[in-house]
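A.B. asks: The structure that follows is given in the form of structure tokens.
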Amino acid sequence: MRAADSDRAAVAEQLLRALNEGRLDLAEYEDRLQRVYAAKTYGDLNSGGLLDDLPGTVPVGQAQVVPVDGGAGPGLVPGPDGRYPGATRRWLAETWNGYLGVVTMVVTIWAITSLVSAQWLYFWPIWVAGPWGAVLLLNTVRGLASGEPQRWAGRRAAKRQAKVDKRNHRRAEQAEEGEPA
């Protein structure tokens, strides 16, 4: 069965958590992250040692990545006060994830070219990381101050619910026609 973007994002989030805990180094994180986003099926996400050696994950032999209904993912359910617990953490991860991957990649390229030339070259990745990081930092501060993570979570939850409703409607139509769901 083909994996959805939200499934790949859930595995990527576990890898980011492992990186932040110091369980993975940057090179290993980048390698695994590339394999996650290249995965086409649940089997691809379950195989290849992506999460096998990390605590809090199930070994591949016992694991089955479960499809997530839509983009909200598990945990983006409003609490009793109407706010989405964990929305800020997820919003920050989504906001900064692409930046971290690209910066890791350009620093790695710089490091390899410096090693091959046997001298430290001009640190050109600063021209990628600096301006982009400054813009992201400003957007992050502005978003946190304006409550953007909660609005983002609300949009994701609404999109997820729309997909569930559409699927349920399609199943009801199939049941009326006598087709298996």
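The values are calculated or read from the model by the stated rules, or taken from the named source; none is laboratory data. Fair warning: this is a prediction, and the values are worked out from it, not measured in the lab. Here Cβ is always computed from backbone atoms with ideal geometry, including for glycine, and neighbour counts include all displayed protein chains.
A.B. asks: How many residues does segment 165-174 contain that are at pLDDT below 85, of a type outside the set (D, E) and surrounded by fewer than 13 Cβ atoms within 10 Å (Cβ to Cβ)?
C.D. replies: 5
A.B. asks: Right, here's the next one. What pairs come up if the first residue lies in segment 148-176 and is among the aromatic types (F, W, Y), the second is at pLDDT below 85 and not in a helix (DSSP H, G or I), and their beta carbons are under 9 Å apart, counting only those six or more places apart or on different chains?
C.D. replies: Every condition considered, the pairs that remain are W152/Y84.
A.B. asks: Hey, can you tell me all the residues within segment 53-85 that are modelled with pLDDT of 80 or more and outside the structural domain of Q150 (by TED's automatic domain parsing)?
C.D. replies: First, pick out the residues of segment 53-85 that are modelled with pLDDT of 80 or more: 53-54, 83-85.
D53, L54, listed by residue number.
A.B. asks: Under the condition of being in contact with a Lys or Arg (Cβ under 8 Å, 6 or more places away or on another chain) and in contact (Cβ under 8 Å) with a residue 60 or more places away in the chain, which residue from segment 1-45 is surrounded by the fewest Cβ atoms within 10 Å (Cβ to Cβ)?
C.D. replies: Applying the filter and picking the extreme gives E13.
A.B. asks: Right, another one. If I filter segment 90-102 for residues that are aromatic (F, W, Y) and at pLDDT below 85, do I get at least one hit?
C.D. replies: Kept after step one, since they are aromatic (F, W, Y), are these residues of segment 90-102: 91, 96, 99.
Filter again for at pLDDT below 85, leaving none.
Checked against the condition, which is being aromatic (F, W, Y) and at pLDDT below 85, segment 90-102 yields no hits at all.
A.B. asks: Sticking with this one: Please give the number of the condition Y122 fails out of (1) out of contact with any helix residue (DSSP H, G or I) (no Cβ under 8 Å at 6 or more places or on another chain); (2) farther than 25 Å from E30 by Cα.
C.D. replies: Tallying (1) out of contact with any helix residue (DSSP H, G or I) (no Cβ under 8 Å at 6 or more places or on another chain); (2) farther than 25 Å from E30 by Cα, Y122 fails exactly one: (2).
A.B. asks: Which residues, counting only those in segment 115-132, are surrounded by fewer than 11 Cβ atoms within 10 Å (Cβ to Cβ), of a type outside the set (S, T, Y) and in a loop (DSSP other than H, G, I, E, B)?
C.D. replies: A118, Q119, W120
The rows are residues; the columns are (1) hydroxyl-bearing (S, T, Y); (2) within 17 Å of the chain's Cα centre (by Cα).
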{"site": "L76", "(1), (2)": "no, yes"}
{"site": "G82", "(1), (2)": "no, no"}
{"site": "W96", "(1), (2)": "no, yes"}
{"site": "L100", "(1), (2)": "no, yes"}
{"site": "I109", "(1), (2)": "no, no"}
{"site": "S117", "(1), (2)": "yes, no"}
{"site": "V128", "(1), (2)": "no, no"}
{"site": "R156", "(1), (2)": "no, yes"}
